[in-house]
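What follows is calculated from the coordinates using simple rules that are stated; it is not laboratory data. All figures in this text were calculated on a predicted structure; none of them were measured in a lab. Don't worry about glycine lacking a Cβ; one is built from the backbone with ideal geometry, like all the others, and counts go over all protein chains shown.
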Amino acid sequence: MAYSDRASPLARYLLLAYALLIAYASLNPFSGWRDPGISPLDFLLAPLPRYIVAFEVGANITAYIPLGFLVVLALHPGRRGLLALSVAVLIAALMSLSLETLQNYLPSRIPSNVDFAANSLGGACGAGMGVLFSNHLLRNEGLQSLRYRLFRAGARIDLGLVLLGLWLLTLLYPGTSLFGNGDLRAVFSTPVGELHPGEIFIRFEALVVGTNTVAIGLLLALLVGRNQPVRALFLAFVVAALTVRTISYGFLFSSQNLFDWLTPGALFGLAVGVLVVLVAVMFARPVKVMLCGLALMAATALVNFSPENPYFLAALATWQQGHFLNFNGFTRVLSAAWPFAAVVYVLALAGSRSRDRD
């Protein structure tokens, strides 16, 4: 079967993941639910606000563009053209309407007809882009072909690719050291420990970055198909991750803070982790599964046992979250939960009977 005639499970997994992300960002912090005593759809006919912030309108449009785009890709090949466009626009509008309606019941959120209109417009733009480019992306020479050429076949591999995409999103949260996911100390309100010499922070950060690099590299290696350039793909993925981290610091802080994340400990841990992965990818698949799981668990333990860096906390205290408050709350939760989802996924890989073996 040609790739252009094949449905894309990866697009459907990405659509589900992205829809959940939008729902979380729209309803965070999920507390204080109450009945406002008015019709939940009154906001649709409310007068326009006196001040409309261009940034917020642009953000609401941008947030729904990927949703409309992914809906069209997920409908391929059964529904195309005008039908796919109509369904995608309807889904984006209904999702926005549902979330705006639910915001009536959250004291920290205010439903807005402007937000609903911006979301719907963004969904329509994304759907239009999906109709224009879906055939190019999903045909034999497109991205779907590239996905099957570089990575192993199967829905569980698609899930792994989605997991790696979500890991890239965790890098947008500046409240942790580089690759330092799985930090649960804020959840359990653990007390701040005693002060330590600077060398302690460097050593712990190097260990955290190194073990996480090994975990990510081996997870990627488990997804890559036979006879594919796994080392080159891993190095390209590391470059992409560091680029995301750099852009996030520049965007959330300022252009002067682009490389604040590049500390001596992070640099040393990254270098050692990359070298370990370049050697470990030659191991048999069961060994890579075991090492990946161990690295994930070790990295998460190190994140939670490492001492708080007072210099980093002082810098973070000056961070003005502003318009990004809800988005940063989402990335924080994603950063905390990601390693545990990854461990479950690796255990599922270990328990599966794969016909293709290294």
- Karplus (6.51, -1.76, 1.60) ³J(HN,Hα), θ = phi - 60°, over the range 262-275, in Hz, Gly and Pro reported as x: 8, 8, x, x, 5, 5, 5, x, 5, 4, 5, x, 4, 4
- Item | Net charge of Cβ neighbours under 14 Å - reference GLY273; Lys, Arg +1; Asp, Glu -1 | 0
- Item | For PHE151, residues with placed amide H under 5 Å, excluding near neighbours | GLY225
- Whole-Hz Karplus ³J(HN,Hα) for the range 32-45, in order, using 6.51 cos²θ - 1.76 cosθ + 1.60 and θ = phi - 60°, x for Gly and Pro? x, 4, 7, 8, x, x, 10, 5, x, 9, 4, 4, 5, 9
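Stokes-Einstein D for the range 3-148 at 20 °C, 1.002 mPa s, Kirkwood Rh over Cα pairs, in µm²/s?
Estimated diffusion coefficient is 132 µm²/s.
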- Toy charge model, Lys and Arg Cβ at +1, Asp and Glu Cβ at -1: the range 1-146 dipole around Cα centroid in debye, rounded to 20, equals 260 debye
- Note on the structure: With R₀ set to 41 angstrom, the calculated FRET efficiency between the beta-carbons of LEU82 and ALA350, to the nearest 0.05, is 0.35
